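**Q** Sharing a structure, written as structure tokens. Questions coming.
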């Protein structure tokens, strides 16, 4: 029986951070930086920083994700910085996920059909 990895699935995590918006911001920052770098023959910089803080006494952390970048321009540079937070569960071995690993199935009572003709 194969053992399940306890490493965080970075692709799934990027999709979960800020409901997927963080991934889009990162893609845009990388593209803008690369374009500015080639267009103006100057260095560009993209920085991603993650800060984790435990939420009360739970097995959850508040993950602050900061994206900052500097893009060269013809007469200098332009920069942007954005920080958002996403609560995440910490599973076995520190695996970060949006939902708990052992989330059970919700049992809903059977509802009578109330549709009208």
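**Q** Kindly provide the set of residues from the range 18-47 that are touching a helix residue (DSSP H, G or I) at 6+ places or on another chain (Cβ under 7 Å) and within 15 Å of residue 65 (Cα to Cα), ordered by number.
**A** 22, 23, 46 - these are the residues of the range 18-47 that are touching a helix residue (DSSP H, G or I) at 6+ places or on another chain (Cβ under 7 Å) and within 15 Å of residue 65 (Cα to Cα).
**Q** For residue 50, are the conditions met, namely being surrounded by 16 or more Cβ atoms within 10 Å (Cβ to Cβ), in contact with a strand residue (DSSP E or B) (Cβ under 7 Å, 6 or more places away or on another chain) and not in a loop (DSSP other than H, G, I, E, B)? Before the answer, list the steps.
**A** Details: surrounded by 16 or more Cβ atoms within 10 Å (Cβ to Cβ): no; in contact with a strand residue (DSSP E or B) (Cβ under 7 Å, 6 or more places away or on another chain): yes; not in a loop (DSSP other than H, G, I, E, B): yes.
Spelling it out, it is not the case that residue 50 is surrounded by 16 or more Cβ atoms within 10 Å (Cβ to Cβ), in contact with a strand residue (DSSP E or B) (Cβ under 7 Å, 6 or more places away or on another chain) and not in a loop (DSSP other than H, G, I, E, B).
**Q** Among the residues of the range 1-19, write down those that are surrounded by fewer than 11 Cβ atoms within 10 Å (Cβ to Cβ) and in a helix (DSSP H, G or I).
**A** 10, 11
**Q** Can you name the residue in the range 29-45 that is surrounded by fewer than 16 Cβ atoms within 10 Å (Cβ to Cβ) and either under 22 Å from residue 15 (Cα atoms) or modelled with pLDDT under 95 (or both) and, of all such residues, is farthest from the chain's Cα centre (by Cα)?
**A** Restricting attention to the range 29-45, the residues satisfying the condition of being surrounded by fewer than 16 Cβ atoms within 10 Å (Cβ to Cβ) are 30-31, 34-35, 37-39, 41-43, 45.
Then keep just the ones that are either under 22 Å from residue 15 (Cα atoms) or modelled with pLDDT under 95 (or both); that gives 30-31.
Details: 30: 16, 31: 18 Å.
This residue is 31.
**Q** Within the group 43, 64, 34, 12, which residue is in contact with a strand residue (DSSP E or B) (Cβ under 8 Å, 6 or more places away or on another chain) and over 26 Å from residue 100 (Cα atoms)?
**A** 43
The values are calculated or read from the model by the stated rules, or taken from the named source; none is laboratory data. Because the structure is predicted, anything quoted here is derived from the model rather than measured. Glycine gets a Cβ as well: all are built from the backbone with ideal geometry, and neighbour counts include every protein chain shown.
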